[in-house]
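The values are calculated or read from the model by the stated rules, or taken from the named source; none is laboratory data. Because the structure is predicted, anything quoted here is derived from the model rather than measured. Neighbour counts run over all protein chains shown; Cβ positions are idealised from the backbone, glycine included. Only protein heavy atoms, including side chains, enter the accessible area calculation; ligands, DNA and RNA are left aside. Shrake-Rupley method; radii C 1.70, N 1.55, O 1.52, S 1.80 Å.
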Amino acid sequence: MSQFQTISATSLCLASVLVIISILISYRQELKLEKDIFISAIRATVQLLVIGFILSYIFSTESPIFIIGLLGFMAFNAAYNSAKRGQGIPHALWISWFAITIGAWITLSILLVTGVLSFTAYQLIPVGGMVISGAMVAIGLCYRQMLSNFELRKQEVEIKLALGSTPKQASKAIVRDVIKTGLQPTVDSAKTLGIVALPGMMTGLILAGMPPLEAVKYQIIVTFMSLSTISISCFITCQLAYKTFFNNRNQLNK
Amino acid sequence: MALLELSNISYIVKDKSIIRDVSLSVNQGDYITIVGPSGSGKSTLLKLCSDLISPTSGTITYNGRPLTAIDPESYRKEVGYCFQRPYLFAKTVRRNILFPYDIRGLEPDMSRIEYLFNLLHMPLNYMERRNDELSGGEMQRICLIRSLIFEPKVLLLDEVTSALDTTNTSIVENVIDELHKKGITIISITHNEEQSLRTANRRITIVDGQLAKEEVLR
């Protein structure tokens with residue numbers, strides 16, 4: 001970044017007039033949201049300031065163990081959240097954790113090897129957070145679709161098993177559909193980047209003073225790494241999760 | 001030695017007994033019909049025979065070997081199963097007909113496919129039809145062809161003619177008779193009294209999950 005544009009405390013205070021506008025509208029329209037708007041603005045400010053201090057501390061650390069540990073913690077939390085969508089799938093938490101870890105690890109490794117990122121908390125933590133949260137959402141979608149497909153397409157699976165197929169062969173169409181479901185939002189979003197909306201990260205960089213073409217390069221990398229992590233994570237999740245729908249006699253679980 | 005032997009099998013789901021202490025000996029070349037009221041456990045019995053579910057207690061043996069000792073895929077390739085509700089997966093008839101070849105990693109045998117289409121009175125160009133273009137009777141015949149692509153040793157039929165008109169029923173019945181004559185063992189569920197007595201050599205009646213009656217017909 002050649003010129004980092006800072007926002008002065010005075011400008012920030014003046015910008016709070018935007019909150020006053022919301023409060024006035026609420027008052028005029030008798031929405032009775034004035035108190036909520038005021039509290040939400042205060043909370044957002046305090047929470048963001050706190051996270052700002054925490055991030056300043058985190059980004060100042062250079063300990064690889066700390067960086068990897070924090071990424072691991074983020075991956076576990078993401079796995080925990082996505083596993084909630086997979087209630088009824090045995091070992092969903094561990095499947096998600098493994099899928100997210102491998103997906104993020106491969107993507108971050110490639111970005112490190114190619115020199116796009118350097119091994120610093122300043123770069124790895126936010127980028128890691130982006131890929132991990134993307135994988136979390138995609139895996140959650142995969143679980144929901146998989147549970148629904150095995151319920152709705154039970155007869156199809158049983159017919160294929162009855163014809164002598166393995167669980168893998170019997171689930172192939174379902175797994176394909178599930179991976180597509182997990183990937184679709186990311187693919188759609190990639191298709192419309194710059195046409196429908198300027199992505200938040202790119203907008204942030206431009207606002208911070210980065211030339212648009214430089215910001216675009218970052219956004220391209222973010223798009224590629226999201227696609228890669230989500231593809232890997234969805235693939236691993238599906239390959240591990242479909243097996244849990246079958247028992248050791250290769251029958252559908254009751 | 002019986003080809004398929006069910007010994008004191010029971011099947012319980014959520015504390016509910018669906019099948020209770022059923023024993024049945026099926027010999028090579030048998031044609032057995034299963035009758036009984038709706039919900040008596042006939043379809044469950046057939047699913048147990050097809051190894052799509054396993055008994056809670058009791059044993060099933062095939063050629064003298066317990067099913068648990070036989071690779072499930074190998075067993076199911078020898079024991080065909082046609083479901084009550086005709087169901088075609090994917091979008092086209094072709095995908096359904098080629099599936100048995102796909103799972104074996106084999107090239108389709110077009111002469112075999114043509115033979116089966118003729119046997120079931122289906123024009124071969126139906127291969128290119130979309131599933132949703134087929135009537136119920138046509139779908140059931142395609143399902144039967146799909147089960148017969150690789151000739152099974154045992155064919156399990158779950159009321160395959162229940163939703164068919166008289167013409168389609170007659171076509172399917174003739175094919176089943178033909179298969180039986182070739183030595184394929186048939187176990188068929190039916191609600192039709194006349195059908196249950198027509199060509200079968202044995203008829204069993206299932207009531208409330210139990211083997212209520214076993215009749216030798218011929």
How far is helix B:136-148 tilted off the main Cα axis of chain B, in degrees rounded to 10, range 0 to 90?
80
How high is the relative contact order of chain B? Use alpha-carbon pairs under 8 Å, at least six apart in sequence, and give a whole percent.
31
Could you give the length gained on full extension between residue A:81 and residue A:18, defined as 0.36 nm per residue of separation minus the Cα-Cα distance, in nm?
19.3 nm
Relative counts (whole %) of C-alpha pair distances in region B:66-106, using bins that are 10 Å wide
22, 46, 27, 5
With each pseudo-label sitting 7 Å past Cα toward Cβ, what's the residue A:42-residue B:215 distance in nm, one decimal?
8.6
In nm, give the distance between the simple-model label positions of residue A:66 and residue B:118, each being 7 Å from the Cα along the Cα-to-Cβ direction.
8.1
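When the convex hull of the C-alpha atoms of the protein assembly as shown is computed, what volume per residue in Å³ does it have? It would help to have the intermediate numbers written out before the result.
Details: hull volume 109.0 nm³, N = 472.
Hull volume normalised by residue count: 231 Å³.
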Rounded to the nearest percent, how much of the accessible area of region B:147-218 (1.4 Å probe, protein heavy atoms only) is carbon and sulfur?
48
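For region A:1-140, report the translational diffusion coefficient in µm²/s to the nearest whole number, using Stokes-Einstein at 10 °C, 1.306 mPa s, and a Kirkwood Rh over Cα pairs.
87
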In nm², the average projected area of the convex hull spanned by the Cα atoms of region A:40-110 is 6.6
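How would region A:1-63 be classified by its alpha-carbon gyration tensor: rounded, prolate or oblate, with rounded meaning a/c under 1.5 and the a/b versus b/c comparison settling the rest? It would help to have the intermediate numbers written out before the result.
Values: a/c = 4.53, a/b = 2.01, b/c = 2.25.
The shape class here is oblate.
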For region A:159-172, just list the computed ³J(HN,Hα) in residue order, Karplus coefficients 6.51, -1.76 and 1.60, θ = phi - 60°, integers in Hz, with x standing in for Gly and Pro.
4, 5, 5, 4, 7, x, 7, 7, x, 5, 5, 5, 9, 3
Debye-sum result for chain B in log10 I(q)/I(0), which assumes one identical scatterer on each alpha carbon, at q = 0.08, 0.10, 0.13, 0.15 Å⁻¹:
-0.28, -0.44, -0.75, -0.99
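Residue A:249 to residue B:207: FRET efficiency via 1/(1 + (r/R0)^6), r the Cβ-Cβ distance, R0 25 Å, to the nearest 0.05?
Numbers: r = 28 Å, r/R0 = 1.12.
With R0 = 25 Å, the Cβ-Cβ based efficiency is 0.35.
Net charge within 10 Å of residue B:68 by Cβ-Cβ distance, Lys/Arg positive one each and Asp/Glu negative one each, not counting residue B:68 itself?
Numbers: positive: A:249, B:65; negative: B:51.
After counting each charged neighbour, the total is +1.
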In 5 Å bins starting at zero, report the fraction of Cα pairs in region B:1-126 per bin as a rounded %.
2, 8, 15, 19, 16, 14, 13, 9, 4, 1
Per 0.36 nm of contour for each residue apart, how much would the distance between residue B:178 and residue B:107 grow if the chain were fully extended, relative to their Cα-Cα spacing?
22.9 nm
In region B:61-218, taking the dipole from +1 charges on Lys and Arg beta carbons and -1 charges on Asp and Glu beta carbons about the Cα centre, the listed residue (B:75, B:140, B:196) farthest towards the positive end is B:75
Only protein chains counted, 1.4 angstrom probe. Which residues of region B:82-121 are at least 40 Å² less accessible in the assembly than when their chain is isolated?
B:83, B:87, B:89, B:99, B:103
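Taking 2.2 N^0.38 Å as the expected size of a compact globular protein, what ratio does the Cα radius of gyration of region A:197-254 give against it, to two decimals?
Numbers: Rg = 20.1 Å, N = 58, 2.2 N^0.38 = 10.3 Å.
Its radius of gyration relative to the 2.2 N^0.38 Å reference: 1.95.
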Based on the Cβ-Cβ distance from residue B:59 to residue A:176, what FRET efficiency comes out when R0 is 56 Å, to the nearest 0.05?
0.90
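Starting from region A:1-83, pick out the trypsin sites (Lys or Arg not before Pro) whose DSSP state is loop and whose Cβ has at most 14 other Cβ atoms within 10 Å. It would help to have the intermediate numbers written out before the result.
Details: sites: A:28, A:32, A:35, A:43; in loops: A:32.
Answer by residue number: A:32.
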Taking the Cα-to-Cβ direction at residue A:217 and at residue B:151 and moving 7 Å from each Cα, how far apart do the two end points lie in nm?
7.0
Using only the alpha-carbon atoms, how far is helix B:110-119 inclined from the longest principal axis of chain B? Give it as 0 to 90 degrees, nearest 10.
70
Tabulate in residue order the Karplus-calculated ³J(HN,Hα) for region A:185-192, using 6.51 cos²θ - 1.76 cosθ + 1.60 with θ = phi - 60°, rounded to whole Hz; enter x for Gly and Pro.
x, 5, 5, 4, 5, 5, 5, 9
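Counting only chymotrypsin sites (Phe, Trp or Tyr not before Pro) that are in a DSSP loop and have at most 12 other C-beta atoms within 10 Å, tell me the longest site-free stretch of chain A. Please list the in-between numbers first.
Details: sites that count: A:4, A:119.
With a cap of 12 other Cβ atoms within 10 Å, the longest stretch comes to A:120-254.
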³J(HN,Hα), Karplus 6.51/-1.76/1.60, whole Hz, each residue of region B:179-195, x for Gly, Pro
5, 5, 4, 6, x, 6, 6, 10, 10, 10, 8, 8, 9, 8, 4, 5, 5
For chain A, what is the largest minus smallest coordinate of the Cα atoms on each principal axis, given in angstrom and ordered from greatest to least?
73, 53, 36
Rg over Rh [alpha-carbon atoms, Kirkwood Rh] for region B:75-203
0.94
Electrostatic dipole magnitude of region A:104-254 [Cβ: Lys, Arg +1; Asp, Glu -1; Cα centre; debye, to 20]:
620
Quick one: Kirkwood hydrodynamic radius for region A:126-238, alpha-carbon pairs, angstrom, one decimal?
15.8
